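Comments concern the structure below.
Nothing in this text is a laboratory measurement; each read-out follows from the coordinates by a stated rule. Every value quoted in this text rests on a predicted model; they were computed, and no experiment measured them. Quick reminder, even Gly has a Cβ in these numbers, built from the backbone with ideal geometry, and neighbours come from all protein chains shown.
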Amino acid sequence: MSDVVACVHRREYPEEPQAIFLNAASWGLLPRSTAEAAADLTLRRNRERGFEEEELGAIQRRCRGAVASLLNVDPDEIALAPNTSFGVNLAAALVGRGEVGRVLVSQGEFPANVLPWKALEARGFGLEIVPTGVDGLPDEREIVRRLDGPDVRALAVSAVQYASGYYADLPALGDACRQRGVLFCVDAIQALGAAPIDARAIHADVLAAGGQKWLCAPWGSGFAYIRRELHERFDPPMVSWLGLEGATRFGEAARYDLTWLPDARKFELATLGLQDYLGLARSVEIFLEMGVAQVRRHIQDLHEPVLAWLDAHPEVRLVTPRDPERRAGILSFVPGSVEAVAAELRARGVVCGVRNGAIRLAPHFYNTRAEMEEVASILETLH
Ligand SMILES: Cc1ncc(COP(=O)(O)O)c(C=O)c1O
């Protein structure tokens with residue numbers, strides 16, 4: 001564990017863990033200062049005479065700023081949003097306003113990243129689900145081949161697949177989309193916090209994530225990155241009074257002027273759960289402090305004891321790619337009896353998931369190598 005990761009770990013998770021929590025692919029553990037910041041804002045509503053409007057606006061600016069640094073984009077390209085689905089739906093609405101055509105997704109994507117696109121079928125669009133390869137992982141060569149059709153409007157991918165943990169080759173897919181004028185939409189919820197993403201470098205047009213998983217932020221906090229060039233081309237599918245130029249000039253509010261703000265704030269949907277966005281800001285700042293590249297190295301080190309156990313048991317199928325380039329935080333494998341092994345892990349205090357017929361381990365920066373060695377020895381006794 002690097003010094004900074006170890007130091008943040010001690011500071012933010014001072015209590016002795018009650019279980020080996022390997023479930024960041026469902027939700028991450030909240031850092032202490034995140035939980036405190038969100039709770040403190042809530043309690044101060046009553047304790048003090050009230051907030052200055054300015055303080056509440058500053059929370060949102062702080063949050064957009066932190067997220068923008070995480071993604072290497074500008075804060076005015078970030079819209080705060082309650083979940084991943086918001087950004088995916090926004091991207092689908094944008095595509096739906098354009099010329100009818102096809103949208104590509106890989107087989108095996110999480111429904112949140114498929115159904116908003118499927119809903120476009122009612123408007124004459126085609127949803128093309130590209131079959132996975134023989135290994136069950138997204139077939140990126142085939143995806144790029146299919147991008148060549150004349151009427152492909154968008155490619156929607158998860159940066160990291162929720163079940164297999166496959167970490168997409170985002171720069172290659174983004175570049176292929178850019179060359180062909182295809183909208184590149186990234187569902188980044190299973191990656192951000194576990195693996196670095198530079199949204200500009202991968203040529204993302206829209207990138208969406210909730211904060212609750214690998215970013216260790218409150219439920220109901222998230223965001224969408226919308227590339228600046230799209231702001232003018234596209235007005236929001238839902239009207240937010242706070243997305244308009246005159247929003248905070250309350251004296252003129254009843255003029256009902258529909259002039260949009262000139263940046264991604266126009267896509268946000270009115271009043272948000274500010275305590276949760278303060279929490280998101282704090283959590284993202286913690287990741288910036290550690291550096292997500294360091295976190296990723298730590299997670300890959302955490303995978304090692306279980307990978308070593310898998311090496312000794314070739315009959316247990318590793319679903320996640322062995323190649324560290326194609327792996328972020330999730331490590332999935334199929335032992336003989338998945339349900340029995342999962343139940344036994346749970347009984348012995350290991351919190352993990354089962355997805356698509358595989359055990360899904362999702363360790364994060366607050367886990368230790370010793371915990372993963374314990375998991376490997378539990379697996380050995382079960383096999
Ligand atoms: C790939 C992926 N996208 C989206 C979600 C969740 O979507 P939302 O944040 O809209 O609830 C999940 C949660 O499991 C996921 O794994």
Tell me, what ³J(HN,Hα) does each residue in segment 309-326 have, in order and in whole Hz, if you take phi through Karplus 6.51 cos²θ - 1.76 cosθ + 1.60 with θ = phi - 60° and put x for Gly and Pro? 5, 5, 4, 7, 10, x, 6, 8, 7, 7, 8, 5, x, 5, 4, x, 5, 9
Would you please calculate the Kirkwood hydrodynamic radius of the chain over all C-alpha pairs and express it in Å, rounded to one decimal? 21.7 Å
Kirkwood-based Rg/Rh on the Cα set of segment 97-213 evaluates to 0.93
Placing one equal point scatterer on each C-alpha of segment 163-234 and summing with Debye, one gets log10 I(q)/I(0) at q = 0.15, 0.22 Å⁻¹ equal to -0.52, -1.01
Please turn the phi angles of segment 210-222 into ³J(HN,Hα) values with the Karplus equation 6.51 cos²θ - 1.76 cosθ + 1.60 (θ = phi - 60°), one per residue in order, whole Hz, x for glycine and proline. x, x, 6, 9, 6, 8, 6, 10, x, 4, x, 10, x
Given that compact globular proteins tend to follow 2.2 N^0.38 Å, what is the ratio of the alpha-carbon Rg of segment 261-383 to that value? 1.34
Please compute the net charge surrounding residue 205, taking Lys and Arg as +1 and Asp and Glu as -1 over other residues with Cβ under 10 Å from its Cβ. +1
Rounded to whole Å, sorted largest first: equivalent-ellipsoid semi-axes of segment 151-285, Cα gyration tensor: 29, 21, 10
Suppose we keep just the DSSP beta bridges with both residues in segment 40-289; what percent of those would be antiparallel, to 5? 40 percent
Provide the per-residue ³J(HN,Hα) series for segment 147-159, in order, calculated from phi with Karplus coefficients 6.51, -1.76, 1.60 and θ = phi - 60°, each as a whole number of Hz, with x at glycine and proline positions. 5, 6, x, x, 10, 7, 9, 8, 10, 10, 10, 7, 4
